[in-house]
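Written out below as structure tokens is the structure these notes cover.
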Amino acid sequence: MSILTLIIKREFLAKVRNKSFIIMTFLSPLLFVGIAAFVGYLSSMKADLKHIALHDETGLFVSEFKNTDEYSYQNVSTVDLKVLREELVKENYTAILFIPKANDTKALETKVQFISNESPSSSFLEKTESVIASKITKLNYEKAKIDTLAIKKAEAKINISVSKPSGEASMKGLNEMKIAIGGAFGYLIMMFIIIYGNMVMRSVIEEKTNRIIEIIISSVKPFQLMMGKIIGTSLAGILQFVIWAILGLLLTFAATTFLGIDASPSTKISPELMHTAQQEFSINAKMILNEVESLPLFTIVFGFIIYFIGGYFLYSSFYAAIGAAVDSETDSQQFLLPIIMPLILAVYIGFFTVMNDPNGTVATVFSMIPLTSPIVMLMRIPFGVPWWQILLSVVILFGTFIGVVWFASKIYRVGILMYGKKPTWKELYKWLQY
């Protein structure tokens, strides 16, 4: 058995036998389910009812405001506004919607006031403005003797159908589905890099602090030790992800089987509506299935594996070098930000650029840059990427990984034996020249 294999085995067993690793492996899925259930419970809770005092001196808008589960409107137009302000101070009302008298409806556009101790939500204000504007518009039509019924009939509602060149119907929101698939894989890679890259760094710092590293490198080369830590930790992480996936499937099956989740509607629906709904569901499901089958599924899965390995090895080399250069995790913070920033940039590029222009210049360039390509290229692949671009991106990624490993191993070789002094960027550069 080679020395590298022994180091990989040692690192792997050290991680999987750790009590915290075992506990979090089985506890994390339960925590995720618990958090999801708690968030679902909070979202199902109704907001506190807000009482709005409606003081309408025109008498035109009282009937336009309807009570909802969140807002209750009370017509207090006959009550003096000063009295209402006092009631507002006593918190008998949440707010006052004051609509003053005006000579014409044009003056009302800037005279309406919303009086409240707290700032209202922008969505509520927009809805309130829309209600008042609609009423004023209707009054203006009547004043100008314009047939509002004719205007309503003349309003056009466009529903653009999407189809492929072959004539086959396509679905709306397909880009969102594609970016969701690519984004999910890209997010997994980012989380794996951050979590297990930090694990590699902590392992190096721990052995360096305990002076175990001095004994280890007496029989192995620093490069072999660094690669063994990276590969061994990655295998432990992959095992943890596999266990999470299995537990997730089991929990999903248990929830649907033993908790008696019923997906049937609780209200009675006429057979005609039920038949129509079933037909629409069947058409939509078939369309979604066709779109999923048309995606480059093999390329997505294969790309995920390749970029998963390349991205993790690339960033873990940085983490290992940082761990060797510092004596504690506190000292590592100044070096971690330049590593994490490309990952954050890749996520923003993916969601804000790839979705709108997946084959544009910006998306293409960042899918070639090795520090961002594992995430950006995975978000591009569902949209269809020429094979030569994927091949070029992979070659650049692994070529950069080899170069980074060479540089990182030079820092690692010097840093693992350096104690008691916080390194600077200048000193790291000197170690690279050593």
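The values are calculated or read from the model by the stated rules, or taken from the named source; none is laboratory data. Please read these numbers as outputs of a predicted model, since none were measured by experiment. Reconstructed Cβ throughout: ideal geometry from the backbone, glycine too, with neighbour counts over all protein chains shown. What goes into the accessible areas is simple: the full protein's heavy atoms, side chains included, and nothing from ligands, DNA or RNA. Shrake-Rupley method; radii C 1.70, N 1.55, O 1.52, S 1.80 Å.
Classify the stretch 1-45 from the C-alpha gyration tensor, please: rounded if a/c falls under 1.5, else prolate or oblate depending on whether a/b exceeds b/c. Note, shape of the stretch 1-45 comes out prolate. Both radii were evaluated on the Cα set of the stretch 1-152; the Rg over Rh quotient, with Rh as the Kirkwood radius, amounts to 1.42.
State the percent of C-alpha pairs, over all pairs in the stretch 66-203, separated by a distance greater than 18 angstrom. Cα-Cα pairs in the stretch 66-203 separated by more than 18 Å: 76 percent.
Would you mind checking K111/K157; K19/K208; K66/K106; K46/K101 for any pair whose Cα atoms are more than 27 angstrom apart? As for pairs spanning more than 27 Å Cα to Cα, those are K111/K157; K46/K101.
Of all DSSP-defined beta bridges confined to the chain, some 35% are antiparallel rather than parallel. Phi-derived couplings, Karplus 6.51 cos²θ - 1.76 cosθ + 1.60 at θ = phi - 60°, listed residue by residue for the stretch 12-20: 4, 5, 4, 6, 6, 8, 5, 4, 5 Hz, with x used for Gly and Pro. With θ taken as phi - 60° and the Karplus curve 6.51 cos²θ - 1.76 cosθ + 1.60 applied, the whole-hertz 3J(HN,Hα) list for the stretch 58-67 is 7, x, 8, 10, 4, 7, 7, 9, 9, 5 Hz, x standing for glycine and proline. The H on the amide N of Y71, modeled in the peptide plane, is under 5 Å from the matching H of K50, each at least 5 residues off or on a different chain. Between the stretch 336-400 and the stretch 50-68, how many Å separate their Cα centres? Taking the Cα centre of each part, the stretch 336-400 and the stretch 50-68 sit 53 Å apart. Here the peptides 342-349, 310-317 are ranked by packing, the mean other Cβ count within 10 Å, and the order with the highest first is 310-317, 342-349. With all pairs of different C-alpha atoms in the average, the Kirkwood value for the hydrodynamic radius of the chain is 27.9 Å. Ignoring ligands, DNA and RNA, what percent of the 1.4 Å accessible area of the chain is carbon and sulfur? Here it works out to 65 percent. For the stretch 21-99, the Stokes-Einstein estimate of translational diffusion at 10 °C and a viscosity of 1.306 mPa s comes to 100 µm²/s, using the Kirkwood hydrodynamic radius over alpha-carbon pairs.
In this Cβ point-charge picture (+1 for Lys and Arg, -1 for Asp and Glu), the chain has a dipole of about 1400 debye about its Cα centre. Taken over the stretch 77-116, the percentage of Cα pairs per 10 Å bin, counting from 0 up to the bin with the maximum distance, is 28, 47, 22, 3. Packing around the peptides 41-54, 215-228, 182-195, 129-142, taken as the average count of other Cβ atoms within 10 Å per residue, puts them in this order, highest first: 182-195, 215-228, 129-142, 41-54. Taking the charge dipole of the stretch 317-434 about its Cα centre, with +1 at Lys and Arg Cβ atoms and -1 at Asp and Glu Cβ atoms, the residue from V395, A346, V385 reaching farthest to the positive side is V395. The phi torsions of the stretch 327-339, fed into the Karplus equation with coefficients 6.51, -1.76 and 1.60 and a -60° offset, translate into couplings of 9, 8, 5, 4, 5, 7, 4, 5, 9, 7, 4, x, 7 Hz, rounded to whole numbers, with Gly and Pro shown as x.
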